[in-house]
Amino acid sequence: MPSEELVRGVLYLSLTVVGVPGNASVILAFLLLLYQENRLLPADAIVLHLACVNLLVVVVRCLLETLASFSLANIFGDLGCKSVIFVYRTSRSLSIWITFLLSAYQCLSITPPGSRWASVRTLLARYLGFVFLFLWVLNTCMSSAAILFSFGTKNESSPITHGINVQFCYVNFPSKLSKEANGIAQVVRDVVPMALMTLASLILLVFLYKHSHQVKGLRSSSSGGGGGAEQRAAKVVVALVSLYVVLYGVDNGLWVYTLTVSETMPSSLISDLRIFFSSLYAALSPVVIIASNRKVNGRLKCIVQEKPAHEKDTSLTNM
């Protein structure tokens, strides 16, 4: 196996090992919470949706790339490339927009009751299902170019002049204009939620700063305990947004560089780096959620503690 494929396989394997069990654990914790309480708060539903989309990113891209890199399985024919790239681009962009939705909802949650923004939060919570549906339709439509222009094998008789090399697949646009138009549309789709979630995070940081000064000044239990949950949730959102801005900032920078290259690059190194950094968010975000979300923590601890107790009971009955 060439060293380049070995390194690629190891990197994607590391993302798979972290991302699949991490996102699956978050999903399991919230499903257990839904089973126990028969409902999910809007913020919990958003985090659950984010974990589902991130799991889709890791499975469709990282796991399949790992299998192909180690020659264990290869589904990257023409149909496979169209399907994988379409699902990956859709789920990747959904991950971005749902992260923005989470930051926006958390920003609205710190507004005083009775204000106009508080009513917007109530409206958002009421129609959250329609918001999810709108985001799915929007990002599915914007990823349709992958179905039209992706294929698995390179035809030597017709050289690729306006394409993108993604190792096992090629995305070949019919003209330079279509390539740049599609690339700009993807950049705008990423930059808009990035700017909005950055603004929301700045508002949350100002809130955290003011709240910490109020707690220090008043030193009262009502001041310290009342906003504890909001403060923890705000810190989680700021951490997720910071992680997103760094990783997807690198991803979009490499994507813009790809658009400036006049010919298709013979190596897939730039595309591999882009996919790695964007998938890194999908793999690491559940680690942040598990480490900081008490609901997820509590349910996972219950699952871990119940299993040894069950095994102990079984061993006693067999004696």
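Numbers at a glance
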| item | result |
| --- | --- |
| Phe132 vs. criteria modelled with pLDDT of 85 or more and over 28 Å from Leu11 (Cβ atoms) | yes |
| Ser144 farther than 26 Å from Glu65 by Cα, of a type outside the set (D, E, K, R) and either open to solvent by 20 Å² or more (accessible area, probe 1.4 Å) or within 23 Å of the chain's Cα centre (by Cα) (or both) | no |
| Test: Phe76 is in contact (Cβ under 8 Å) with a residue 40 or more places away in the chain and either under 30 Å from Ser3 (Cα atoms) or out of contact with any Gly (no Cβ under 6 Å at 6 or more places or on another chain) (or both) | yes |
| Output for segment 30-79, where each listed residue is in a helix (DSSP H, G or I) and more than 23 Å from Ser95 (Cα to Cα) | Tyr35, Gln36, Glu37, Leu67, Ala68, Ser69, Asp78, Leu79 |
| Segment 286-319 - residue that is modelled with pLDDT under 70 and not in a helix (DSSP H, G or I) and, of those, most open to solvent (accessible area, probe 1.4 Å) | Met319 |
| Segment 154-177 residues that are among the basic types (Lys, Arg), paired with ones that are modelled with pLDDT of 70 or more and open to solvent by 30 Å² or more (accessible area, probe 1.4 Å) (beta carbon under 6 Å, 6 or more apart) | Lys154/Tyr170 |
| Residue within segment 114-121 that is open to solvent by 60 Å² or more (accessible area, probe 1.4 Å), in a helix (DSSP H, G or I) and hydroxyl-bearing (Ser, Thr, Tyr) present | yes |
| Flag if Val87 is at pLDDT 90 or above, in contact with a Lys or Arg (Cβ under 6 Å, 6 or more places away or on another chain) and under 30 Å from Arg126 (Cα atoms) | no |
| Yes/no for Phe86 being open to solvent by 10 Å² or more (accessible area, probe 1.4 Å) and either without any contact (Cβ under 8 Å) to a residue 12 or more places away in the chain or assigned to a loop (DSSP other than H, G, I, E, B) (or both) | no |
| Segment 1-46 - residue that is of a type in the set (D, E, K, R) and at pLDDT below 90 and, of those, farthest from Ile303 (Cα to Cα) | Glu4 |
| For Leu50: the one exception among (1) open to solvent by 10 Å² or more (accessible area, probe 1.4 Å); (2) touching a residue at least 40 places away in the same chain (Cβ under 8 Å); (3) closer than 21 Å to Val131 by Cα | (1) |
| Unmet requirement for Ile96, which otherwise passes all of (1) modelled with pLDDT of 90 or more; (2) buried (at least 20 other Cβ atoms within 10 Å of the Cβ); (3) not charged (D, E, K, R) | (1) |
| Candidates Val191, Val137, filtered to the one that is without any contact (Cβ under 8 Å) to a residue 12 or more places away in the chain and open to solvent by 60 Å² or more (accessible area, probe 1.4 Å) | Val137 |
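The values are calculated or read from the model by the stated rules, or taken from the named source; none is laboratory data. What you see is a predicted model; the values in this text were computed from it and never measured. Ideal geometry is used to build each Cβ from the backbone, glycine not excepted, and the neighbour counts take in all protein chains shown. What goes into the accessible areas is simple: the full protein's heavy atoms, side chains included, and nothing from ligands, DNA or RNA. Shrake-Rupley method; radii C 1.70, N 1.55, O 1.52, S 1.80 Å.
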